Amino acid sequence: MDSKKSFFTPPVAILAGSIIIALAILIAGGTISIPLKAVKGVKTEATVPTPRITQVPEQPAITLDIIKNAFFKASIKFGDVNKKLIAIEISDPSCPYCQVAAGQNSALNKQMGPQFTLVADGGTYVAPVVEIEKLITAGKAAFAWIYYPGHGAGEMGTKAMYCAFEKGKFWEVHNLIMSEKGYDLLNDIVKNDKTKSADIAEFLAPVFDSVAMKACLDSGKYDQQLRDDMAIATSLGVRGTPGFYLNTANFPGAVPFSAMESVVNSALK
């Protein structure tokens, strides 16, 4: 045997093998598992797609007419399409970052990192949904809320919001569902199970008649609206939640309201 050490000693061989495997995965357009910080309702290991070699077609430019069409089709909407500012939120109440953007789940905001800690808790994050609601209340903006399954356990919570909007109680129900207890209920107990309608109705009883809520959820009247909302979101190029449009300006993710202010101020001049 040659007395010289082989270049491919065990550590080097392992490293070289890992590089070869990684390159093979990239070329094939496969996936690599990357551990994420543990957050309730989020798996601690996520499979993140790696870029494919083939080019993905660009999404057509979003025009104001497309935004107005989405507004018209939405089930949950406030104001009229002739407002200077049309705000659209694409959301899933079981999605952690949708909860962060709603600003009603202080504990989750803290858990997701200092950049999301609310001002009320000593942080700098201003939740965009809270500020958009203020614009709606002041009559300065039209608003549509559209469902898209960004996390996957928000169907029953969304249908509860459809039912609440029907009776003029959207924000009351929305804010309770987007709280810490609402988040836990959807992700840990209900999980899209239609037989758990009583659990949601009882949880929402402080702001909505529980008998009426259970009857609405059990009727199945909004099952199709879930699919309709997903089609609207897809037409806007949305592939995750939360997503916001202020007129044609797109804000993907739980961006702070400060990132939106210039667009808001420009539209309201």
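Here, each number is a calculation from the coordinates, and none is a lab measurement. Predicted model, so just to flag it, every value in this text is computed and none were measured. Quick reminder, even Gly has a Cβ in these numbers, built from the backbone with ideal geometry, and neighbours come from all protein chains shown.
What is the sum of charges, Lys and Arg at +1 and Asp and Glu at -1, for the other residues whose Cβ falls under 15 Å from the Cβ of Val255? Numbers along the way, then the final one.
On the way: positive: none; negative: Glu89, Glu131, Glu261.
Around Val255, the charge tally is -3.
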- Value in Å of the Kirkwood radius, where the range 64-267 supplies the Cα pairs that are averaged: 16.8
- Query: What residues from the range 84-104 fall in the zone where the backbone N is under 18 Å from a label point 7 Å along the Cα-to-C-beta line of Val207?
  - Reply: 89-104
- Cβ-defined net charge surrounding Lys194, 12 Å radius [Lys, Arg +1; Asp, Glu -1]: -1
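How charged is the neighbourhood of Ile86? Take every other residue with its Cβ under 10 Å from the Cβ of Ile86, and add Lys/Arg as +1 and Asp/Glu as -1.
+3
Please compute the length gained on full extension between Lys134 and Lys194, using 0.36 nm multiplied by the number of residues separating them and subtracting their Cα-Cα distance. Walk me through the intermediate numbers first.
Working: separation 60, 0.36 × 60 = 21.60 nm, distance 3.30 nm.
Roughly 18.3 nm would be gained on extension.
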- Message: Check which residues have an amide H placed less than 5 Å from Ile76's amide H, if you skip close sequence neighbours.
- Response: Trp145
